[in-house]
1. Hey, what number do you get for the chain at 222 nm if only DSSP H runs of n ≥ 4 count, each worth -39500 (n - 2.57), divided across all residues, to the nearest 500?
2. For D118 and V182 in the same chain, what is the full-extension length gain: residue separation times 0.36 nm, less their Cα-Cα distance, in nm?
3. Pop a pseudo-label 7 angstrom from the Cα along the beta-carbon direction at both S130 and A62 and give the gap in nm to one decimal.
4. Please work out the Cα center distance from segment 111-160 to segment 1-80, rounded to the nearest Å.
5. Treating cross-link reach as a plain straight distance, find the lysines whose alpha-carbon is under 18 Å from the alpha-carbon of K36, omitting any fewer than eight places away in the same chain.
6. Under the rule a/c < 1.5 gives rounded, and otherwise a/b versus b/c splits prolate from oblate, where does segment 56-153 land using the Cα gyration tensor?
7. Count charges around D109 for me, please; just the other residues with Cβ under 15 Å from its Cβ, Lys/Arg as +1, Asp/Glu as -1.
8. What are the lysines whose alpha-carbon lies under 22 Å from the alpha-carbon of K176, with same-chain residues fewer than 8 places away excluded?
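FYI, it's all coordinate maths here, none of it is from the lab. The structure displayed is predicted, hence computed values, not measured ones. Here the Cβ positions follow ideal geometry from the backbone for every residue, glycine too, while neighbour counts run over all protein chains shown.
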Amino acid sequence: MIKDQLEEVRENIRRACARAGRNPDEVTLIAVSKTKPVPMLEEAYDAGARDFGENKVQELVAKEPQLPEDIRWHMIGHLQRNKVHQVLGKAVLIHSVDSLRLAEQIEADAAKKGLDVDILLEVNVAREESKFGFFLEEVEDAVRTISAFPHVHIRGLMTIAPFVENPEENREIFKKLYQFAVDIGRKNIDNVTMDVLSMGMTGDYQVAVEEGATMVRVGTGIFGAR
């Protein structure tokens with residue numbers, strides 16, 4: 001079942017890329033494995049999945065040693081500052097850097113461990129009160145501040161769009177973030193690239209791909225409902 005659903009998601013990504021005139025190789029599918037038991041992750045791994053996303057530090061830390069070493073773990077959930085040290089060296093990318101204080105903590109812990117850490121800034125494009133993240137007008141200042149941190153490297157932006165019945169309702173949000181990333185990229189800020197746009201989940205990833213997503217985070221579409 002997981003194999004079939006994974007293939008269906010991949011096919012949908014290929015079709016969305018075709019509609020947008022994009023190369024499907026530009027899009028990384030992250031299998032969101034939060035709350036899922038290790039055997040389900042093994043099934044996805046056997047079907048070719050290598051990028052897995054976890055929302056909680058304790059889940060990522062518990063699953064990582066039980067699974068093959070070539071898996072790329074992504075921290076996609078809200079990260080508390082006191083848990084940062086547990087994730088460093090395990091996650092290839094932290095998608096959910098939603099404040100300067102969190103970035104400062106990542107820098108401090110990375111310096112202690114002698115590590116370089118790739119991050120995305122989480123942007124609350126829709127300005128939802130229930131969501132974390134920078135507002136669009138705050139992002140450039142944050143980027144410029146964090147760009148001075150020697151151990152932290154901004155690779156792009158992430159957003160969690162509103163939960164909607166019709167994915168078309170989120171198209172403008174994805175468009176806005178894409179255009180914003182392009183604008184920031186043109187400013188050539190040292191130690192900052194805008195290569196990664198992490199946007200789109202099970203309900204709207206096809207629209208996100210059409211609007212420039214380079215990473216989509218799909219859980220239910222692969223593993224089924226929780």
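1. -11500 deg cm²/dmol
2. 21.2 nm
3. Modelled inter-label distance: 2.5 nm.
4. Going from one Cα centre to the other spans 22 Å.
5. List returned: K3, K56, K63.
6. oblate
7. With Lys, Arg at +1 and Asp, Glu at -1, the net is +2.
8. K131, K187
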